[in-house]
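Working notes, structure below.
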2 protein chains.
Amino acid sequence: MRKIIFVLLFSFIGNLFADPLPSWNEGNTKKSIIDFVQAVTNKSNPNYVTPENRIATIDNDGTLWVEQPLYTQFIFAIDRVKTLAPSHPDWKKQSPFSLILSGDKQLLSKLSFKDMEQILAVTHAGISVEQYHDLAAKWLATAKNPRFQHLFTEDVYQPMLEVMNYLRANQFIIYIVSGGGQDFIRAYAEPVYHVQPENVIGTLEKTKYVNQQNHPMIMKLPTVLLIDDKTGKAEAINYFIGRKPIIAFGNSDGDREMLEWTQSNKTSHLMLLVHHDDAVREYAYGPKSKVGTFSDSLMAEAIKNNWKIISMKKDWKVIFPFDLNKN
Amino acid sequence: MRKIIFVLLFSFIGNLFADPLPSWNEGNTKKSIIDFVQAVTNKSNPNYVTPENRIATIDNDGTLWVEQPLYTQFIFAIDRVKTLAPSHPDWKKQSPFSLILSGDKQLLSKLSFKDMEQILAVTHAGISVEQYHDLAAKWLATAKNPRFQHLFTEDVYQPMLEVMNYLRANQFIIYIVSGGGQDFIRAYAEPVYHVQPENVIGTLEKTKYVNQQNHPMIMKLPTVLLIDDKTGKAEAINYFIGRKPIIAFGNSDGDREMLEWTQSNKTSHLMLLVHHDDAVREYAYGPKSKVGTFSDSLMAEAIKNNWKIISMKKDWKVIFPFDLNKN
């Protein structure tokens, strides 16, 4: 019995001093996260927040995983165009499909968002949500980021995985709030992030329930119901959660309103933006990037409101889980 | 120490034999619920379901609380027309507002759903979600059902409150899935049903995020984003939960697809419909009712698929919590 108590005691003391964010360099950013979590979980602290109100909303592309050279979901859609091409002979002469099928090496930089909308509408509709989930999961099981040569699902940020684990251990309820398609994120959020389907908020396509011979299906339609980006993020948080977050992580102009909404919470709150300033280990991009635009006005608003800027270069000791093995 | 063990043991045995559904008469319906819950929570049962998949979806109007003579939210909207009338002199000559302001005693039966849509659009928009929540909560604090002369929030079904407590005690995750407005239900779901805002799925109105001088608000717009009724219930369950329910309760044609969707779950599942057949203690209505239509085709589908019909008259010992005091 005494032995058990000793073991428990040492494990307790060990946890007390264990670094919950080992892939973060010491500094103001890391400290702001730990101080915040300690304050809102301490009942005797004036900033204490009850567990059911510990809502964390985290953007996905560029905040949890790599979004360059193009959003992963778009690369999936492009691959799907190639797969579906044999049954669409007209695509050979029809832009933007012809561009994809031509095998152009500069393809990714040539496609506009308007092209992508057209591609998404064609490749993401006409199948059931369940079928789509299976297609996406199957693709994700082998598809690799062209630069890192790791599976897309491995190109996630180790420091952010640690943040999610730390928040979960402190009874935060984590929601992914992404401009990406909800169905695409749900295809991997559980194995990769331990985020369950009901906690994935993304852009919603319209769907249609059909029931043929007692086999109901939810079919995906080629039109958008709600774009979960910019003002849409605050609106979706209201629909899906109905509470304001107390902590929010983003990385681009699309996250501005989510952070403003979090800041308007009357309880204690913390807002953070991942800044991609590390061209060597990942990417450096900002106001001029088509993907993950971080405008000067966002930076100005962040500074004015004391939102924390996470410098990938300075704050993160390692970027990817597969980097851990190298140390 | 021995004393404590005895107390714990007796409390354990007490719980083991305590009736989790004391307001239900013994019979097949009650037995089907208890058998189902015992099976899916028993790890050695082939029908065991892990806690995160124990999704329960429950309709609101007519399943959890009274929906006659008209949905409570509509009565709220009608009262709001009266409140707002002084600043809308044109309403006196404009149908359906003129009908409301005329003080007609047969008003509730005269209003069509088309009228109600118009009334909802005017009374439920142009304010923020937060302001709406406060208005609804304030109204609900005093508004009474004209027949029962109890607050609307007291006209809830005691047997269903017991079902919710029983499911919660067995680690089910309860969602309200209602054709009513999400914001209206959220105004009372927590105090009345212990259902938190993120677990309330209702009809969604479009909203618009606005941020004036660092005071962000989500404004309600007079158009519908998603009608959470009929096929919309299955679609909304997919958006909000992303898993199929294993148990679903409804009471009308609007719940048909939710029950079909539940039935298509590959794990064990149970579907139930409250049948209003008790004109003495509540109401008796069915295929011909404008509110809460329970059509013959729904009854036929229920019987064919072994959905349980909850007879209010035969299965429920008491209807309302305030009836408990009378025994």
Requested in this report: Sort through A:L161, A:L135, A:L167 and tell me the only one that's out of contact with any Leu (no Cβ under 9 Å at 6 or more places or on another chain) and either charged (D, E, K, R) or in contact (Cβ under 8 Å) with a residue 60 or more places away in the chain (or both).
Outcome: A:L167
Report summary line: In the stretch A:261-285, residues that are buried (at least 16 other Cβ atoms within 10 Å of the Cβ) and either farther than 22 Å from A:A236 by Cα or in contact (Cβ under 8 Å) with a residue 40 or more places away in the chain (or both) total 12
Requested in this report: Return yes when A:W316 is over 17 Å from the mean Cα position of the chain (by Cα), among the aromatic types (F, W, Y), more than 14 Å from chain B (Cβ to nearest Cβ) and crowded, with 23+ Cβ neighbours inside 10 Å and no when it is not.
Outcome: yes
Report task. Please work out if B:N15 is polar (S, T, N, Q) and modelled with pLDDT of 95 or more. Result -> no
Query - Residue within the stretch B:55-69 that is in contact with a Lys or Arg (Cβ under 6 Å, 6 or more places away or on another chain), modelled with pLDDT of 95 or more and under 30 Å from B:G180 (Cα atoms) present - result: yes
Report task. Would you be able to say whether some residue in the stretch B:186-196 is touching a His at 6+ places or on another chain (Cβ under 9 Å), within 13 Å of chain A (Cβ to nearest Cβ) and outside any strand (DSSP E or B)? Result -> yes
Query raised in the report: A:K288: basic (K, R) and free of Cβ contacts under 8 Å to residues at least 12 places away in the same chain, yes or no?
Result: yes
Report summary line: For A:S297, the lone unmet condition from (1) more than 14 Å from chain B (Cβ to nearest Cβ); (2) surrounded by fewer than 16 Cβ atoms within 10 Å (Cβ to Cβ) is (1)
Query raised in the report: Restricting the first residue to the stretch A:87-113 and requiring it to be within 22 Å of A:K290 (Cβ to Cβ), which pairs with a second residue that is part of a loop (DSSP other than H, G, I, E, B) and modelled with pLDDT under 90 meet a Cβ separation below 7 Å and a spacing of at least six or different chains?
Result: A:P96/A:L111; A:K110/A:D104
Query raised in the report: Applying the selection to the stretch B:137-167, what residues are part of a helix (DSSP H, G or I), within 16 Å of the chain's Cα centre (by Cα) and not acidic (D, E)?
Result: B:L140, B:F152, B:T153, B:Q158, B:P159, B:M160, B:L161, B:V163, B:M164, B:N165, B:L167
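A quick yes/no check of all residues on (1) crowded, with 22+ Cβ neighbours inside 10 Å; (2) in contact with a Gly (Cβ under 8 Å, 6 or more places away or on another chain):
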residue: B:Q158; (1), (2): no, no
residue: B:V163; (1), (2): yes, no
residue: B:Y166; (1), (2): no, no
residue: B:A169; (1), (2): no, no
residue: B:I176; (1), (2): yes, yes
residue: B:A189; (1), (2): yes, no
residue: B:H194; (1), (2): no, no
residue: B:I201; (1), (2): yes, no
residue: B:K208; (1), (2): no, no
Query raised in the report: Just one of the numbered conditions (1) farther than 29 Å from A:F172 by Cα; (2) within 14 Å of chain B (Cβ to nearest Cβ) is not true of A:L259; which one?
Result: (1)
Requested in this report: Name the residue, out of B:S109, B:S87, that is modelled with pLDDT under 95, more than 22 Å from B:Y188 (Cβ to Cβ), under 29 Å from the mean Cα position of the chain (by Cα) and of a type outside the set (D, E, K, R).
Outcome: B:S109
Requested in this report: Please enumerate the residues belonging to the stretch B:102-125 that are farther than 25 Å from B:M219 by Cβ and not in a helix (DSSP H, G or I).
Outcome: B:S102, B:G103, B:D104, B:K105, B:Q106, B:L111, B:S112
Query raised in the report: Of the residues that make up the stretch A:293-310, is at least one touching a Gly at 6+ places or on another chain (Cβ under 6 Å), of a type in the set (G, A, S) and under 25 Å from B:M217 (Cα atoms)?
Result: no
Query raised in the report: For residues in the stretch A:114-131 being touching a Lys or Arg at 6+ places or on another chain (Cβ under 8 Å) and touching a residue at least 60 places away in the same chain (Cβ under 8 Å), which is farthest from the other protein chains (Cβ to nearest Cβ)?
Result: A:G126
Query - Residues (over 18 Å from B:V156 (Cβ atoms) and away from every other protein chain (no Cβ under 14 Å)) located in the stretch B:262-284 - result: B:T267, B:S268, B:L270, B:D277, B:A279, B:V280, B:A284
Query - the stretch A:198-248, residues that are within 10 Å of chain B (Cβ to nearest Cβ), part of a loop (DSSP other than H, G, I, E, B) and free of Cβ contacts under 8 Å to residues at least 12 places away in the same chain - result: A:N214, A:G242
Query - Subset tally (residues that are in a loop (DSSP other than H, G, I, E, B) and within 21 Å of B:K244 (Cβ to Cβ)) for the stretch B:265-293 - result: 5
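The values are calculated or read from the model by the stated rules, or taken from the named source; none is laboratory data. Just so it is clear, the structure is predicted and the values come from calculations on it, not from any experiment. Methodologically, a virtual Cβ is constructed for each residue, glycine included, from the backbone with ideal geometry; neighbour enumeration extends over all protein chains shown.
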